[in-house]
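The values are calculated or read from the model by the stated rules, or taken from the named source; none is laboratory data. Just so it is clear, the model here is predicted, and its values are computed rather than measured. A quick note on method: Cβ atoms are made from the backbone with ideal geometry, for glycine too, and the neighbour counts reach across all protein chains shown. Calculation scope for accessible area: heavy atoms of the full protein, side chains included, ligands and nucleic acids excluded. Shrake-Rupley method; radii C 1.70, N 1.55, O 1.52, S 1.80 Å.
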Amino acid sequence: TLRIIAGLEQPDSGKVILNGEDVTAFPPEKRAVNTVFQNYALFPHMNVQRNIAYSLNLRKVKKDEMARRVDELLSIVQLEGYGKRMPAHLSGGQRQRVAIARALACDPQLLLLDEPAAGMNPEETLALMDLIREIRDRFDLTVLIIEHHMDLVMNVSDRIFVLNFGKPLAEGTPAEIQSNPEVIEAYLGKEDDGDGDA
């Protein structure tokens, strides 16, 4: 589902509508969508600043504006002073923050996060969820999170879709999902094999 929304795969049927526009046939670069993958996909030979500035460089943004934007994003993801560091010298949580900053650089309308807390310790996970909430509110941005652990999305989501092999089990607010024992039971029954997604 995430890859279809991002334009990396074509759906067998149906449409992808973004802000009222049918973007199903659009290539990824023509959609106002950015994705943060589970493995961060940072360029290992580029420092943090250059990773964040990558898409701005492609768009030939002026150097002073690019520097201002990178500094702003480093502040937003709470990594001031980390601009010269290489990805290999960052923790998993810090690499995820760099990946989010890079995804925000060109002001997407939709941010896709693929299991953003994978491999993080509980403290980093809580801090990341707080950051996602802050980014969502600050940029008035739609954030779509793919996550196998429902408890992580309960406190950050306005709306939850529970899928199993792409088929919807339930849709609703966190309170509606939480109050539906049949859905929770069905979801938890799939959680062990990693097939359930929220």
request  = Working carefully through the options 96, 109, find the one that is under 20 Å from residue 50 (Cβ atoms) and either under 16 Å from the mean Cα position of the chain (by Cα) or of a type in the set (Phe, Trp, Tyr) (or both).
outcome  = 96
request  = Taking the options 3, 85, 97, name whichever one is surrounded by fewer than 18 Cβ atoms within 10 Å (Cβ to Cβ), among the charged types (D, E, K, R) and in contact (Cβ under 8 Å) with a residue 12 or more places away in the chain.
outcome  = 85
task = Please work out if residue 198 is at pLDDT 70 or above and either touching a helix residue (DSSP H, G or I) at 6+ places or on another chain (Cβ under 9 Å) or open to solvent by 60 Å² or more (accessible area, probe 1.4 Å) (or both).
result = no
inquiry  = I want to confirm something. Restricting to the stretch 26-65 and keeping residues that are open to solvent by 90 Å² or more (accessible area, probe 1.4 Å) and not charged (D, E, K, R), which single residue is farthest from residue 110 (Cα to Cα)?
reply    = 45
request  = Specify the residue that is farthest from residue 144 (Cα to Cα); the eligible residues are those in the stretch 11-25 that are of a type outside the set (Gly, Ala, Ser), open to solvent by 60 Å² or more (accessible area, probe 1.4 Å) and assigned to a loop (DSSP other than H, G, I, E, B).
outcome  = 12
request  = Scan the stretch 132-159 for residues that are modelled with pLDDT under 90 and open to solvent by less than 20 Å² (accessible area, probe 1.4 Å) and jot them down.
outcome  = 147, 150, 153, 156
task = Please work out which one of (1) of a type in the set (Lys, Arg); (2) modelled with pLDDT of 90 or more; (3) open to solvent by 100 Å² or more (accessible area, probe 1.4 Å) is the condition residue 167 fails and give its number.
result = (2)
request  = Confirm whether residue 74 is touching a Cys at 6+ places or on another chain (Cβ under 9 Å), open to solvent by less than 90 Å² (accessible area, probe 1.4 Å), assigned to a helix (DSSP H, G or I) and of a type in the set (A, V, I, L, M, F, W, C).
outcome  = no
